[in-house]
Amino acid sequence: MATDMMGIGGTVGILGGGQLGRMMSMAARAMGIRTVIWDPVPSSPAFVVADGSLALPYDSAEALGTFLSQVDRVTYEFENIDWELAQRIAEDKPVFPHPRILRTSQERVREKDTAREWGLSTTPYRRVGSVSEVVQAVRELGSPGVLKTVTGGYDGKGQVVIREVSEAAQAFAALAGAGPYIYEKWVHFVREVSVVVARDVQGTIVTYPVTENHHHHGILDYSIVPARISAAQRTLVEESARRLASGLQLVGVMALEFFVSEDGAVLFNEMAPRPHNSGHWTIEAAWPSQFTQHMRAVAGWPVVPPRWWGPAVMINLLGDLFLDGQWSRVTQVATLDGVQIHWYEKREMRPGRKVGHLTIVADSLDRALEQARMAKRLLGGEWNDGS
Ligand code: AMP
């Protein structure tokens, strides 16, 4: 299987045409690499920036044949791509990161088991399939905790908090039919952080500065870099990412999310073998961006140690802010110093849907946060929490 350096004019196929595929494609284009994007949704935001697009179902044999005939190697932009499709593609063309990593990331128990295998710490957890197993897990691991679907959950969907054992049956019923499940002991965290790690085919590994993440209703609301954690915690996060990237033989970019608990422990929560929302700030505040770094690795080019230019805040723009259909008013924030608008050109504004993001760069984190609050206010949004 060819894993040599792909030349200018080579084509990377991308499974998925959302904003991540779009930003991957824009990065590839700057490098002279072509992209062909396969996504069943004809209005996919990545299509307008790709060299070719395929709006056909993922189970279409015709689409698979066309895709394979147009690409030199393949990557994907989200975890819910059928890993068997990725595996089938890998029989013909190199797929990075390897479909085995995609499969691991799709199942919470397998994901945490794998992280533990490579020496990362997690909150206690257990796979459960019935009410009695949930009851037993709550008794043995302790409460509060959270019952999650093992597959398919994202942005906080498919999760129910269990405060005490008497709530087990109700929680199980709330997720009915979506099993199997994982019960995890609740982490009293002071920070949620993530790190983007990149590894190339030669095995070189680099990491980006650790990012602090703030969620609202289970969706990433804003990210801050540098994360406000201790130097020792930062080192632990980076070392964990390196160990997992090496253990999994990653090629490409992967994000790992962690909780920093009240007692100072750094606990792995989940991973995504692709560029990540919490790494969007790297477009303005680092070189190369996570998207450029990913395309470099996928193309067989070496990854490079990222240069980091300084503090940044990234705010997600959700459809909720523009349900009035007046989304062109996003330009209101263009007058603010240090603010870059990213707009994904999604046609439909829906609550909870990520439709764009802002990156705010400044000489100090305080100043970046000040500008970020102002930007959010100008758009009619609320600043959630007291940072
Ligand atoms: P996840 O889908 O695992 O990323 O969970 C979504 C969000 O729910 C996380 O970002 C946390 O804010 C919260 N959460 C999930 N699992 C736990 C846990 N075991 N302890 C505390 N908070 C959690």
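The values are calculated or read from the model by the stated rules, or taken from the named source; none is laboratory data. The structure presented is a predicted model; accordingly, all values stated were derived computationally and were not measured. Note: ideal-geometry Cβ built from the backbone for every residue, glycine included; neighbour counts use all protein chains shown. Only protein heavy atoms, including side chains, enter the accessible area calculation; ligands, DNA and RNA are left aside. Shrake-Rupley method; radii C 1.70, N 1.55, O 1.52, S 1.80 Å.
Couple of notes before you dig in:
- Relative contact order computed over the chain (Cα-Cα under 8 Å; 6+ residues apart), in percent: 14 percent
- Estimated from the Cβ-Cβ distance and a Förster radius of 51 angstrom, the FRET efficiency linking Q70 and D363 is about 0.65.
- For the chain, built as a Gaussian network whose Cα springs stay under 10 Å, the top-fluctuating residue of I89, I224, I315: I89
- Relative contact order, whole percent, for segment 271-338 stands at 26, derived from Cα pairs under 8 Å and 6 or more residues apart.
- Solvent-accessible area per residue, Å², over the chain with all protein chains present [probe radius 1.4 Å]: 41 Å²
- Counting only Cβ charges, +1 for Lys and Arg and -1 for Asp and Glu, the dipole size of segment 124-185 around its Cα centre is about 80 debye.
- Relative contact order %, segment 124-185, counting alpha carbon pairs below 8 Å whose residues are six or more apart: 50 percent
- Overall Cα dimensions of segment 11-95 - principal axes, largest extent first, Å: 29, 24, 22
- Gaussian network model of the chain, Cα within-10 Å springs - most flexible of S43, S25, S69: S69
- Positive end of the dipole of the chain (Cβ unit charges, origin at the Cα centre): among G129, T335, A174, the Cα lying farthest that way belongs to T335.
- Residue-wise HN-Hα coupling along segment 65-76, computed from phi with Karplus coefficients 6.51, -1.76, 1.60 (Hz; x: Gly, Pro): x, 5, 4, 4, 6, 9, 10, 9, 8, 9, 9, 9
- Relative to the Cα centre, the charge distribution of segment 132-231, modelled as +1 at Lys and Arg Cβ and -1 at Asp and Glu Cβ, gives a dipole magnitude of about 80 debye.
- FRET efficiency, 1/(1 + (r/R0)^6) with R0 25 Å, evaluated for Q136 and A178 via beta carbons: 0.80
- Cα gyration tensor category, rounded, prolate or oblate, for the chain with a/c compared to 1.5: rounded
- Where only DSSP H runs of four or more residues are counted, the chain gives -8000 deg cm²/dmol as its mean residue ellipticity at 222 nm, each run worth -39500 (n - 2.57).
- Computed about its Cα centre, the charge dipole of the chain is approximately 220 debye, with only Lys, Arg, Asp and Glu carrying charge at their Cβ.
- Across K93/K346; K157/K354; K112/K185; K157/K376; K148/K185, pairs whose alpha-carbon gap is larger than 20 Å: K93/K346; K157/K376
- Accessible surface of D221 - all protein chains present, 1.4 Å probe, nearest 10 Å²: 20 Å²
- Surface share of carbon and sulfur [accessible, 1.4 angstrom probe, percent] for the chain: 50 percent
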